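The values are calculated or read from the model by the stated rules, or taken from the named source; none is laboratory data. None of these values were measured; they are calculated from a predicted model. Glycine also receives a Cβ, built like all others from the backbone with ideal geometry; neighbour counts cover every protein chain displayed. Heads up: the accessible areas ignore ligands, DNA and RNA and are worked out on the full protein's heavy atoms, side chains in. Shrake-Rupley method; radii C 1.70, N 1.55, O 1.52, S 1.80 Å.
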Amino acid sequence: PAVQAAGKSSSSHLVQLSEAELREQFVRGDGPGGQATNKTSNCVVLKHVPSGIVVKCHQTRSVEKNRKIAREILQEKVDLFYKGEESDVFKEKKASEKKKQEKKRRAKENLERKKHFKEMLQSDRK
């Protein structure tokens, strides 16, 4: 999924969904798993009617867990749809990207330092 349930964001700040706005279907899952996935309809397809956003969740074998996860993902997507850059989901994603870039930058600097140190050791030996 494009926006995975982060688990960090509290759902109280997100747009609340009413059950009347949702259409839920249970379909057969796809992918690896053989008979466990091919013969059971435990994949949840959840649609938010006003926005047209559709979420498909088949992360576990349990229908109840898939329903819960699908609702969390849909709630984050709907929040992002309506609030845009003001959404907590968007801000959390940006902060995560920034943290990842900073970690990459530090790793690159550390690699450069190690390379420079190695070169200094080699020049001292000669």
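Could you please give the count of residues in the stretch 29-48 that are assigned to a loop (DSSP other than H, G, I, E, B) and in contact with a strand residue (DSSP E or B) (Cβ under 6 Å, 6 or more places away or on another chain)? Residues in the stretch 29-48 being assigned to a loop (DSSP other than H, G, I, E, B) and in contact with a strand residue (DSSP E or B) (Cβ under 6 Å, 6 or more places away or on another chain): 2 in total. Screening Gly84 on (1) open to solvent by less than 50 Å² (accessible area, probe 1.4 Å); (2) touching a residue at least 24 places away in the same chain (Cβ under 8 Å); (3) in a helix (DSSP H, G or I) shows it passes everything except condition (2). Output the residues belonging to the stretch 93-109 that are open to solvent by less than 100 Å² (accessible area, probe 1.4 Å) and not charged (D, E, K, R). Of everything in the stretch 93-109, those that are open to solvent by less than 100 Å² (accessible area, probe 1.4 Å) and not charged (D, E, K, R) turn out to be Ala95, Ser96, Ala107. For the stretch 37-59, give me each residue that is surrounded by 13 or more Cβ atoms within 10 Å (Cβ to Cβ) and among the hydrophobic types (A, V, I, L, M, F, W, C). Of everything in the stretch 37-59, those that are surrounded by 13 or more Cβ atoms within 10 Å (Cβ to Cβ) and among the hydrophobic types (A, V, I, L, M, F, W, C) turn out to be Cys43, Val44, Val45, Leu46, Ile53, Val54, Val55, Cys57. Would you check if Glu64 is outside the structural domain of Gly31 (by the TED database) and at pLDDT 90 or above? Against the criterion (outside the structural domain of Gly31 (by the TED database) and at pLDDT 90 or above), Glu64 does not qualify. Anything in the stretch 60-81 that is outside any loop (DSSP other than H, G, I, E, B), open to solvent by less than 60 Å² (accessible area, probe 1.4 Å), without any contact (Cβ under 8 Å) to a residue 40 or more places away in the chain and out of contact with any strand residue (DSSP E or B) (no Cβ under 6 Å at 6 or more places or on another chain)? List them, or say none. Hit for the stretch 60-81 is Val63, nothing else. The lone criterion from (1) surrounded by 13 or more Cβ atoms within 10 Å (Cβ to Cβ); (2) assigned to a helix (DSSP H, G or I) left unmet by Glu112 is number (1). Restricting attention to the stretch 87-96, the residues being touching a residue at least 60 places away in the same chain (Cβ under 8 Å) and among the aliphatic types (A, V, I, L, M) number 1. Of the residues screened, Ser123 is not one that is in a loop (DSSP other than H, G, I, E, B) and more than 19 Å from the chain's Cα centre (by Cα). The requirement of being at pLDDT 95 or above, in a helix (DSSP H, G or I) and aliphatic (A, V, I, L, M) is satisfied by Ala107.
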